[in-house]
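Worksheet: one structure, shown below.
The values are calculated or read from the model by the stated rules, or taken from the named source; none is laboratory data. The structure presented is a predicted model; accordingly, all values stated were derived computationally and were not measured. Note: ideal-geometry Cβ built from the backbone for every residue, glycine included; neighbour counts use all protein chains shown. These area figures cover heavy atoms from the full protein model, side chains too; ligands, DNA and RNA do not enter into them. Shrake-Rupley method; radii C 1.70, N 1.55, O 1.52, S 1.80 Å.
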Amino acid sequence: MNRLFVVEGAKVISELIKSKYPIAEIYATKNWNLSKATLVSEEEMLKISHLPTPSEVLALCPVVHHELKPETLNQGLTLALDTVQDPGNVGALLRIADWYAIDRVILSKDCADLFSPKVIDSSKGSFARVKTYSLDLESLLAEASVPILGCDLRGDDIHTLAYTPNAILVIGSEGKGISPNLRSKITRFITIPKYGSAESLNAAIAGAIVCDVLKNTKLK
């Protein structure tokens, strides 16, 4: 039997239906206007929802694992998340990848669960549009033939980077950075220049800035 994950919210579920994303079951209160939903009371929705203020609709979707063809890793931009365990950051990074049309996102095995409620909620529906994989990053990076960029406080200024249409961008956890076993695979460490006194940026903010630079360097 396939695992199922929960999606809540009228807007997100409407997007799933529009994009023909696989849905196993929809539960909705009388405020939801879809005929295919199973009707539940507001009291029942309160019991099955993980939100403090439940939406009028909740969907169960099957967990789908995609196979990554090795040759595609060297085509386009890949966002690789290394031990990013905060589900809010993982969801936000999926949304960022969606915004910047990043070709794929790869999560290391010890990232937050891609299908956890907070990741799904934080992605705002982007999980359905972004090609996402959960794989062993160390072996994957060893096979790559494109530049592997690693975000690091001691790296080169990201704004000095030449146009790089094919690359892998590795983002580590906010507290520990990129894992020691992956650092030898990085071909160039990059950083976002700091002008103030903040200790660091969280993974999602750093990812957004770097993705913006990578996508817009060709316009300069």
Sites Asp212 and Val63 - FRET efficiency at Förster radius 41 Å, r taken between beta-carbons, to 0.05: 0.85
Residue among Leu94, Leu140, Leu114 with the largest mean-square fluctuation in a Gaussian network model of the chain, springs linking Cα atoms under 10 Å: Leu140
Theoretical gain in end-to-end length, Glu43 to Arg183 [0.36 nm per residue, Cα-Cα removed]: 45.3 nm
Cross-link pairs Lys118/Lys176; Lys18/Lys124; Lys20/Lys131; Lys11/Lys124; Lys194/Lys215 - those with Cα-Cα distance over 18 Å: Lys118/Lys176; Lys194/Lys215
Only Lys, Arg (+1) and Asp, Glu (-1) charged, at Cβ; the stretch 180-220 dipole about Cα centre in debye: 260 debye
Antiparallel bridges, percent of DSSP beta bridges restricted to the chain (to nearest 5): 30 percent
Between helix 203-216 and the chain: long-axis angle, C-alpha atoms, 0 to 90°, nearest 10: 70 degrees
Over the chain: helical MRE at 222 nm, DSSP H runs n ≥ 4 each giving -39500 (n - 2.57), nearest 500: -7500 deg cm²/dmol
0 to 90° range, to nearest 10: angle between helix 87-99 axis and the chain longest Cα axis: 80 degrees
Net charge over other residues, Cβ less than 15 angstrom from the Cβ of Ala204 (K, R count +1; D, E count -1): -3
Radius ratio Rg over Rh of the stretch 122-220, counting only Cα atoms, Kirkwood formula for Rh: 0.95
Loop sites in the stretch 9-71: trypsin sites (Lys or Arg not before Pro), DSSP, at most 16 other Cβ within 10 Å: Lys20, Lys30, Lys36
Where a label projected 7 Å from the Cα of Asp103 along Cα→Cβ would reach, residues of the stretch 177-220 with amide N under 19 Å: 186-188, 210-219
The stretch 104-175 versus the stretch 11-63: alpha-carbon centroid distance in Å: 30 Å
Per-peptide average of other Cβ atoms within 10 Å, ordering 196-209, 70-83 highest first: 70-83, 196-209
Radius, Kirkwood style, for the stretch 1-136 when every pair of distinct Cα atoms is counted (Å): 15.7 Å
Carbon/sulfur fraction of accessible area - the chain, other protein chains in place, 1.4 Å, %: 53 percent
Solvent-accessible area per residue for the chain (1.4 angstrom probe, square angstrom): 55 Å²
Those trypsin sites (Lys or Arg not before Pro) in the stretch 137-203 that DSSP places in a loop and that have at most 15 other beta carbons within 10 Å: Lys176, Lys194
Using a Förster distance of 25 Å, the FRET efficiency for Lys194-Thr164 (Cβ separation, nearest 0.05): 0.65
